[in-house]
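For reference, the structure discussed in these notes is given below.
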Amino acid sequence: MMVKEVIGREKLKINLNKVDTPQLYFAIRIRGAPGMSKKNEDTLKMLRMHKVNHGVLVWGSKSQLGMLLKVNSYICFGEIDKKTLIRLLRVRGKVEGNRSLTEEYLHKYTEYKSIKELADDLLGGKVKYHNNSLFKIKPVFRLHPPKGGHIGSIKKHYNEGGTLGYVGKYINQIIHKMM
């Protein structure tokens, strides 16, 4: 039997009992639906991840993290940083009518003057991405398949050398590969 070494990956775990201050997470659906239980399919629908390579911003409350951990065999998720969030909103952010999210749109229909202000408030928890204050901005980011493919297998968890489950700060590299 051959043992595969994983270099540069530490064991990552989330403990729901120690969630003090919620953070902003980004979750990406990696695997499809064949063989999936109805409960997992419903959980993915509640998270608005209907198709492969769809990503959503999730505010990491205890209930939301519980949902992410329930379907972690089909998604990857982790903490998104400010630089990646700004680029994600500019490149893949959409509004109703499948038009790109622009600063002119934000200035006209919301109280935000720029995408950086919106990103600051999203990371700070002042506004949730699915609130009414964000007028007709789509909550789902449709991403491309990653350039160069996923690191490791899409059938294994991150700690085992794959891409699934909680990936921590590595989610930012995955997002950059998928934009």
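Nothing in this text is a laboratory measurement; each read-out follows from the coordinates by a stated rule. If you're wondering where the values come from, they're calculated on a predicted model, not measured in any experiment. For neighbour counting, all protein chains shown are included, and Cβ atoms are generated from backbone atoms with ideal geometry for every residue, glycine included.
Applying a 10 Å radius around every beta-carbon, put 46-52, 164-170 in order of their mean neighbour count, most first.
164-170, 46-52
Show me, for the stretch 110-118, the HN-Hα J-couplings you get by feeding each phi into the Karplus relation (A = 6.51, B = -1.76, C = 1.60, θ = phi - 60°), rounded to Hz, glycine and proline as x.
Per residue, the Karplus-derived 3J(HN,Hα) values read 10, 8, 8, 8, 8, 5, 5, 5, 4 Hz.
Within the stretch 62-109, report the GluC sites (Glu not before Pro) that DSSP leaves as loop and that have at most 11 other Cβ atoms within 10 Å.
Counting only loop positions with at most 11 other Cβ atoms within 10 Å, the GluC sites (Glu not before Pro) in the stretch 62-109 are GLU96.
Hey, got the dipole for the stretch 97-161? About the Cα centre, +1 on K and R Cβ, -1 on D and E Cβ, debye to the nearest 20? Write out the running numbers ahead of the final one.
Values: 12 positive and 7 negative charges, 67 e Å.
Charge dipole, the stretch 97-161, about its Cα centre: 320 debye, nearest 20.
Through the Karplus equation 6.51 cos²θ - 1.76 cosθ + 1.60, θ set to phi - 60°, convert the phi angles of the stretch 54-60 into ³J(HN,Hα) values in whole Hz; use x for Gly and Pro.
Ordered by residue, 3J(HN,Hα) equals 8, x, 9, 8, 10, 7, x Hz.
Find the percent of Cα-Cα distances in the stretch 29-155 that exceed 20 Å, and round it to a whole number.
48
Going by amide H atoms built from the backbone, whose H comes under 5 Å of the H on GLN23, apart from near neighbours?
Long-range HN contacts for GLN23: GLY60.
For ALA119, what charge total do you get from the other residues with a beta carbon under 15 Å from its beta carbon, if Lys and Arg give +1 and Asp and Glu give -1?
Around ALA119, the surrounding residues sum to +2.
Give, rounded to the nearest 20 debye, the magnitude of the charge dipole that the stretch 28-179 has about its Cα centre when Lys and Arg contribute +1 at Cβ and Asp and Glu contribute -1 at Cβ. Provide the component values of the computation, followed by the final result.
Working: 29 positive and 12 negative charges, 79 e Å.
Here the stretch 28-179 has a charge dipole of around 380 debye.
Between LYS116 and ASN53, what length comes free when the chain is fully extended (0.36 nm per residue of separation minus the Cα-Cα distance, one decimal in nm)?
Length gained between LYS116 and ASN53: 20.2 nm.
Would you work out which of HIS54, SER100, GLY32 lies farthest towards the positive end of the dipole of the chain, given +1 charges on the beta-carbon of Lys and Arg and -1 on that of Asp and Glu, about the Cα centre?
Highest projection toward the positive end goes to GLY32.
How long is the gain from GLN23 to LYS70 if the chain were fully straight, where each residue apart is worth 0.36 nm and the alpha carbon distance is subtracted? Provide the component values of the computation, followed by the final result.
Details: separation 47, 0.36 × 47 = 16.92 nm, distance 1.82 nm.
Extra length available between GLN23 and LYS70 comes to 15.1 nm.
For the stretch 44-153, state which chymotrypsin sites (Phe, Trp or Tyr not before Pro) are in a DSSP loop and have at most 16 other beta carbons lying within 10 Å of their beta carbon.
Counting only loop positions with at most 16 other Cβ atoms within 10 Å, the chymotrypsin sites (Phe, Trp or Tyr not before Pro) in the stretch 44-153 are PHE135.
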